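Any read-out appearing in this document is the output of simple, stated calculations on the displayed coordinates, not a laboratory observation. Computed from a prediction, not measured in an experiment: that's the story for all the values here. Neighbour counts are summed over all protein chains in view; Cβ atoms, including those assigned to glycine, are modelled from backbone coordinates with ideal geometry.
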Amino acid sequence: MPVAGARLTEQEFFSWAAERIANFKLPRRAFLVEELPRNASMKVIKGELRARLPTLMT
């Protein structure tokens, strides 16, 4: 659950995940975004996420 004003860094995420997930299951990369794109049914719009990927990788 996000907390107002709190920011999560990529390093904090990987540290948290390493404590809970086996090494072979850890993601190689993570892209942290403020908000996921959602449609009227509140489902994540995966196509829009894929379209954002090139800008997230820079």
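Before moving on, here are some points about what is shown:
- Among the residues listed as 18, 30, the single one being among the small types (Gly, Ala, Ser) and in contact (Cβ under 8 Å) with a residue 12 or more places away in the chain: 30
- Subset tally (residues that are assigned to a helix (DSSP H, G or I) and either of a type in the set (Asp, Glu) or closer than 22 Å to residue 8 by Cα (or both)) for the range 21-45: 2
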